[in-house]
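Structure record follows, encoded as structure tokens.
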Amino acid sequence: MSKQESDEKIVPLGVVFITVGLIVVVVAASILFVRPAMGQSTAARSAALPVVTVVVTPVPNATATAVTDDTSTEISLPAGFVTLADAPRSSLANRPRRIVIPSIDMDAPVTEVGMTAFQSDGETLYQWQVPANYEAGWHNTSAPLGEPGNTVLNGHHNIFGEVFGRLVDLEVGAEIVVYDAESPHTYTVAAIEILPERDQPLAVRQKNAEWIQATDDERITLVTCWPDTGNSHRLIVVAYPINSN
């Protein structure tokens, strides 16, 4: 074999080794960078989605008018309904400011929340906003404290601080204390309901919403979702003042 022939065989073999080495480096780098990303993706899929706790409230005399950009709807609120911007925040001293439930170690501020509108089967319906913090939300058209009526508070149970995360552990007879600007108001839990909500007919969801409607008696109603892995149901807690008959 001539020297020229030998050199011709050695050069291609070196190129092969170099190529294999580069492939190994690329594959190793891919494993290092792709594996964390896959882990993050898996974690994201397994994490609870930020499903907003809302209760559908039918408003039969509301109207909706399409705006010029055809991408949104301008809603006219019916008489008696107040938007968050128009709520009498500073003048209402007996609106809820803080809620304490000793049996589940919960102590949280309360903020006002309003409604947003949406269309369902040609009907204008409303859903309540929920605070995106460790706060309970007071429905600003529900009763203030210490007066006849239904004082409604909502809150998340598996995101944004999970303010109502342990609400499901409450038992009948548990004490709830809600503070206004001047004094505490103490209530005793009388009823706990878990109601199917997701994928239910509109009639069922409207029936669920009756729990947050106005009442003649004085009560507070707490609303969240259940369970923490699915948010398919409504969890409703009703409590009455300790001095009520």
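The values are calculated or read from the model by the stated rules, or taken from the named source; none is laboratory data. Treat the numbers as computed from the prediction; the structure is a model and nothing was measured. Cβ atoms come from the backbone with ideal geometry, glycine included; neighbour counts cover every protein chain shown.
Brief remarks follow.
- Any hit, segment 101-110, residues being modelled with pLDDT under 95 and crowded, with 20+ Cβ neighbours inside 10 Å: no
- Residue list for segment 205-245, restricted to those being over 20 Å from the mean Cα position of the chain (by Cα) and aliphatic (A, V, I, L, M): ALA214, ALA239, ILE242
- Residues of segment 129-164 satisfying the condition of being surrounded by fewer than 19 Cβ atoms within 10 Å (Cβ to Cβ) and of a type in the set (D, E, K, R): GLU147, GLU162
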